[in-house]
Amino acid sequence: MDQKHLDHKSTVNLGSYYTPSWLVDIVYTLIEKNIPNASDYTILDTSCGYGGFLRGEKTIGADIDQKAVETAQTNSPESKYFNHNSLYEISRPHYGLTNDAKIIIVGNPPYNDTTSIIRNSIKRNEFMRDFDVMSRDLGISFLLSYDKLTADYVCVLHPLSYLIKKANFEALWQFKNNYKLIDSFVVSSGVFSATSKTTSFPIIVALYERNLFGMEYNYIENYKFITSEGKTFSLRQYDTIGKYISKYPNKNKVNSDDTVAYFYTMRDVNALKRTATFLDNETYNSIRITADKMPYYCYVDIFKEYIPHIPYYFGNSDVMINNDAFTEMKDLFVTKSIKKHPKLSGCIESKKNYSDFEQPVKMYFRNLLGEHYVDSHD
Ligand SMILES: C[S@@+](CC[C@H](N)C(=O)[O-])C[C@H]1O[C@@H](n2cnc3c(N)ncnc32)[C@H](O)[C@@H]1O
């Protein structure tokens, strides 16, 4: 059931985008496949909305949104409910659970960046959080709350960026120290009808098991992700641009005398889709480019053109590169980029006069992406 009782502001602030039932089915498929005697566990959704994840009797739902809880009570009357802030005074007794109860946490917590919350409609107490689950992102706070509840298993949806971006992964702190990803499924944020206007990003349906050793970032780098389109990928399969050039402002590393051009900060593929590449002037978030690194920035400039051929699941990844293939043909990228930004011809030479650089560049991206190359898009 789609959420229908909140206005736009509250929907954004609470992250109330409800989950289609086929995705809830996937959560239960992962649980049944991986957890022996799953029926012995109590299922808990601490951000339950209308209760779409609550199936059967041993289930508990909680939500800060009173109307949502009332609807859930009518939809699934056999569950137990709590109308509270699940990030404040987090403890098992708040759910009527003892320390030895076996629990599986399911759901789809809100994942807003708390700095982008639409200010004036916030009631202060709605956003109180225990200090040990504080994070810039509400979704990361929820993952930390699952650790605080010492759930035996966690099977929830969250942005894939929590795992693949190193800084986010580190922010998972006690969660990553105590849980290990054991099975998963990647889908596009576009499946949530209300959010599809923005650029799609990857969401993971992730099953975590509480584990003495947790997981290291290196485990995620090698992990094979499977997407709903039947594609498989791992972070290790690509070399990325950050290995060759600065992605962030580098004023304290590069002298202005050595600077030949400026480039906009590069975050990930989705950010590059929206931002500029070469800049005429230096700004607080521009990168200084030295002559020797120029071809790599031309590469990123051309990469941006090919983003429509990159699938949503690489949206939060770094710009990918095949350095050997690129090195052999870098003059083509430079020439193509100068054609777009004639001002660059003053700071880098394009060596040859190519009659056709479109085809080889296209071939380069087809080879780079292989089975992931997206041929058509709307
Ligand atoms: C993405 S919706 C998920 C709803 C439901 N589980 C589903 O997927 O259909 C996120 C839910 O989290 C609730 N929520 C947001 N902040 C909360 C908090 N601090 N404590 C409890 N629930 C919260 C919202 O009211 C909303 O119902």
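Values in this text are rule-based calculations from the coordinates and carry no lab data. Predicted model, so just to flag it, every value in this text is computed and none were measured. A quick note on method: Cβ atoms are made from the backbone with ideal geometry, for glycine too, and the neighbour counts reach across all protein chains shown.
List of remarks:
- Check: region 8-237 dipole with +1 on Lys, Arg Cβ and -1 on Asp, Glu Cβ, in debye: 560
- A simple charge model with +1 on the Cβ of Lys and Arg, -1 on the Cβ of Asp and Glu and nothing else charged puts the dipole of region 286-348 at about 340 debye relative to its Cα centre.
- DSSP-defined antiparallel bridges as percent of all bridges, region 8-237, nearest 5: 55
- Cα centre as origin, Lys/Arg/Asp/Glu Cβ charges: region 239-372 dipole, Debye: 280
- If you wrap region 239-372 in the convex hull of its Cα atoms and look at it from every side, the mean projected area works out to 7.9 nm².
- With 0.36 nm allotted per residue and the present C-alpha distance subtracted, the GLU70-ASP152 stretch has 26.7 nm of extension available.
- In order along region 217-234, the phi-based Karplus estimate (6.51 cos²θ - 1.76 cosθ + 1.60, θ = phi - 60°) of 3J(HN,Hα) comes to 4, 4, 5, 5, 4, 8, 5, 8, 8, 10, 9, 5, 8, x, 8, 10, 8, 9 Hz; Gly and Pro are listed as x.
- Within straight-line reach of LYS251, meaning a Cα separation under 14 Å, sit the following aspartates and glutamates at least 8 residues removed in sequence or on another chain: GLU282.
- Relative to the compact-globule estimate of 2.2 N^0.38 Å, the Cα radius of gyration of region 148-299 comes out at 1.27.
- 5 angstrom amide H check on ALA261, placed H, neighbours 5+ away: ILE289
- Based on the Kirkwood approach, the hydrodynamic radius assigned to the chain is 22.8 Å, with every pair of different Cα atoms included.
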